[in-house]
Amino acid sequence: MKFINPYLLAISTVFFVNCSSNKETLTLKDSYKNDFYIGTALSADQIEEKDAKVDSLIRTEFNAITAENIMKSMYTHPQKDKYDFTLSDKFVAYGEKNKMFIHGHTLIWHSQLAPWMEKIADSTEMKAFMKDHITTIVSKYKGRINSWDVVNEALNEDGTLRPSVFLKTLGEKYLVDAFKLAAKADPKVDLYYNDYNIEEPAKRAGAIALIKKIKAEGGKIDGVGIQGHWRLHSPSIEEIEKSILEYSALGIKVAFTELDITVLPNPWDLKGADVNQNFEGSAKMNPYPKTLPDSVQTKLAERYASIFKLFLKHKDKISRVTFWGVYDGQSWLNDWPIKGRTNYPLPFDKDLKHKPAYDSILKLNKTEE
Ligand code: XIL
């Protein structure tokens, strides 16, 4: 009989047990693989794989991607007769290479518009713009991009329509037209309406009315994207749950598309994610420039746990949960709504390490088989 070294046997047993049963070996995407996609938003550098460590984290933890900025109209369509798909081609290729769900963000949005679009003043020109813009981009990635934010942030806080350049030139018909154009360019791709604060009652009612109208007028809409730029204490779990139920009752998918949780003070009681709102900073407004105190770290972990517990309860209605950024150090919340603060909104810290929030999200799920 061959001699078996008992020491090696013991070591390999420990190794095997750890690998097969220790939760530490799970990742976000594996843990939630039977529930919904777990996504992240990629910066231009991440699309270009500039940092190998970050790239490995993205590929290990996430199975869905959104481009944080480079597919917005100011980048893809900088001039009337000029499209630039250099980075969006790389983004889609990255998702395909890594077998990820690829989400397109975004086609019709009043912010981060190319300057020439803001100057469009009459309905004929705007109609021509919408047709060319949506058809060109959606057709280009037909069958490769899995879902699109067709319209982003069309609503005011009270649920009425935002007076954007689109509404001013075309009236509310621009909404259904945008969805029709996108469906025509790629009949199989999932089409979403995306917005912030649409879990709040008044704005939610506006979003529901808008979705119903798009359907009634013959538009194809497959889902709603609740951005999820949230705070430690609001919105309440109850309002989020009502939103999941009310939106899915319309026969559409619910996605959480830009999830992050600010831990920093907000003296104006600012809610949501209006990228055009900016304020002056001060030391009081940036209380944790070096590290996050344990007490707040724990609160953040508990908040993420209660949110994901709710998501799991309604996993049959939820298609995707995407974090807005990969790790704290690169979050847009370090610069919005005040520039130069240090925020801690994501499950990975500035050194790419798991935070207690990460463990609390992972622990909730049982997928160990
Ligand atoms: C943000 C990006 O994260 C920032 O880098 C950029 O400066 C402004 O836009 N709602 C959206 C996102 O739909 O596109 C916004 O992203 C955040 C709010």
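The values are calculated or read from the model by the stated rules, or taken from the named source; none is laboratory data. In this text, all values refer to a predicted model and were calculated from it rather than measured experimentally. Here Cβ is always computed from backbone atoms with ideal geometry, including for glycine, and neighbour counts include all displayed protein chains.
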Consider only pairs whose beta carbons are under 8 Å apart and that are at least six residues apart or on different chains; among these, list those whose first residue lies in segment 188-209 and is touching a residue at least 40 places away in the same chain (Cβ under 8 Å) and polar (S, T, N, Q) and whose second residue is away from the ligand (no atom under 14 Å from the Cβ) and assigned to a loop (DSSP other than H, G, I, E, B). N197/E157
Among the residues that make up segment 204-225, is at least one of them more than 22 Å from I108 (Cβ to Cβ) and of a type in the set (A, V, I, L, M, F, W, C)? no
Selection status of P347, away from the ligand (no atom under 16 Å from the Cβ) and surrounded by 14 or more Cβ atoms within 10 Å (Cβ to Cβ): yes
Tally, over segment 30-57, of residues that are over 25 Å from L107 (Cα atoms) and either within 16 Å of the ligand (Cβ to nearest atom) or assigned to a helix (DSSP H, G or I) (or both): 8
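Which residues, counting only those in segment 96-113, are more than 15 Å from the ligand (Cβ to nearest atom) and either in a loop (DSSP other than H, G, I, E, B) or more than 15 Å from the chain's Cα centre (by Cα) (or both)?
If we filter segment 96-113 for residues that are more than 15 Å from the ligand (Cβ to nearest atom), which is where we start, we get 96-102.
Hits for segment 96-113 are E96, K97, N98, K99, M100.
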Set P235, P289: member being in a loop (DSSP other than H, G, I, E, B), within 18 Å of the chain's Cα centre (by Cα) and at pLDDT 95 or above: P235
Do you know which of the residues in segment 270-319 that are of a type in the set (D, E, K, R) and within 18 Å of H229 (Cβ to Cβ) is farthest from the ligand (Cβ to nearest atom)? K299
Being surrounded by fewer than 17 Cβ atoms within 10 Å (Cβ to Cβ), touching a residue at least 40 places away in the same chain (Cβ under 8 Å), farther than 22 Å from V275 by Cα and hydroxyl-bearing (S, T, Y) narrows it down to one residue among S111, S56, S147, S139; which is it? S139
Checked segment 275-301 for anything among the charged types (D, E, K, R) and either surrounded by fewer than 14 Cβ atoms within 10 Å (Cβ to Cβ) or without any contact (Cβ under 8 Å) to a residue 40 or more places away in the chain (or both); matches are E280, K284, K290, D294
Please indicate, with yes or no, whether at least one residue in segment 246-264 is surrounded by fewer than 21 Cβ atoms within 10 Å (Cβ to Cβ), touching a residue at least 60 places away in the same chain (Cβ under 8 Å) and acidic (D, E). no
In the set D132, D81, which member is over 30 Å from L362 (Cα atoms), surrounded by 14 or more Cβ atoms within 10 Å (Cβ to Cβ), away from the ligand (no atom under 16 Å from the Cβ) and among the acidic types (D, E)? D132
Which listed residue is in a helix (DSSP H, G or I), more than 16 Å from the ligand (Cβ to nearest atom), at pLDDT 95 or above and among the β-branched types (V, I, T), from I211, I221: I211
So E246 passes all but one of these: (1) closer than 21 Å to A357 by Cβ; (2) at pLDDT 95 or above. Which condition number does it fail? (1)
Counting only residues that are part of a helix (DSSP H, G or I) and either among the aliphatic types (A, V, I, L, M) or surrounded by fewer than 18 Cβ atoms within 10 Å (Cβ to Cβ) (or both), segment 160-179 contains a total of 8
List the number of the failed condition for T342; all other conditions in (1) at pLDDT 95 or above; (2) in a loop (DSSP other than H, G, I, E, B); (3) within 26 Å of Y192 (Cβ to Cβ) hold. (3)
All but one of (1) more than 19 Å from L346 (Cβ to Cβ); (2) free of Cβ contacts under 8 Å to residues at least 60 places away in the same chain; (3) in contact with a strand residue (DSSP E or B) (Cβ under 8 Å, 6 or more places away or on another chain) hold for N63; which doesn't? (1)
